[in-house]
1. Tally the residues that are at negative phi and away from DNA strand D (no atom under 13 Å from the Cβ), restricting the search to the stretch B:43-84.
2. From the list B:LEU61, B:LEU56, B:LEU75, B:LEU80, pick out the single residue that is within 7 Å of another protein chain (Cβ to nearest Cβ) and within 19 Å of A:HIS14 (Cβ to Cβ).
3. When the residues of the stretch A:93-112 are narrowed to those that are modelled with pLDDT of 55 or more and surrounded by fewer than 17 Cβ atoms within 10 Å (Cβ to Cβ), which ends up nearest to the chain's Cα centre (by Cα)?
Number of protein chains: 2
Amino acid sequence: MVELSPPQLDTVFHALGDATRRQMLRHLAEGERTVGDLAKPFAMSLAAASKHIKALEAAGLIHREVRGRTHLCRLAPGPLASAHRWLGFYERFWTERLDGLERLLREEDARRTRTPEGDKR
Amino acid sequence: MVELSPPQLDTVFHALGDATRRQMLRHLAEGERTVGDLAKPFAMSLAAASKHIKALEAAGLIHREVRGRTHLCRLAPGPLASAHRWLGFYERFWTERLDGLERLLREEDARRTRTPEGDKR
DNA sequence: GGCATATTCAACTGCATGGTTGAATTATCC
DNA sequence: GGATAATTCAACCATGCAGTTGAATATGCC
């Protein structure tokens, strides 16, 4: 919901830049999971998985509720929404592809002339 | 457009996990830029900026065209679109927030019963 | 209390990353 | 050809990260 600051975006995108952590998010999308549950699918120590979970938590991507001796994790969609909206800024570049800007650039390419809309240098 | 493999998503999200590189993408959204143009706003050596640009290039986020002794960079929106769609999978979690699943989870929280839809463990 | 379970902490290792500087490369200009 | 400009390369350094193992901390169970 809220606009994330650059350092927050750093940690969110960094957390997403690891297949293990993305897989954990997928599992959490099916429902809440304990640390042990999240670690099970991976061929790594529990301590290593715990670190991944802490990375997700630090990024605000999951919340943890300590229930007795188990820690229950669930998805926290806010930062995902922010990252999604951050990428949405560039949506015009792939929706206008091949009819708008992109074609202009390619034509410019062919002509080998100087930069057309890159005037704001 | 195309679905990115996990290693590709790794490099894309990793590239996005740095404020300098995200800023470079913002500049490229305004039009094509040379390596020197992209480096100018930052208080770092050209060599360092060059490495950032190579990271963006490796992730497929930009394309480079060597024109004489200058290298012209432009945005390549494909991987951004893929990352956007990857995040889109979780959209239901922030759109259904506070009326659907999220409320169920919170109610479950209050009742302190065992996991409701987390049956696929 | 005593034992097993769930999770983290601490210390260590190997490797990647982001930065530096100085030299090398390639192209343009005169 | 020689000087200048744009960019990369190579070597190096500090830091951070992902993984390990072994000990520590709680909690639950009998």
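1. The qualifying residues number 13.
2. From the options B:LEU61, B:LEU56, B:LEU75, B:LEU80, the qualifying one is B:LEU80.
3. A:THR95
The values are calculated or read from the model by the stated rules, or taken from the named source; none is laboratory data. Quick caveat: nothing in here was measured; it's all calculated off a predicted structure. Here the Cβ is made from the backbone with ideal geometry for all residues, glycine too, and neighbour counts use every protein chain on show.
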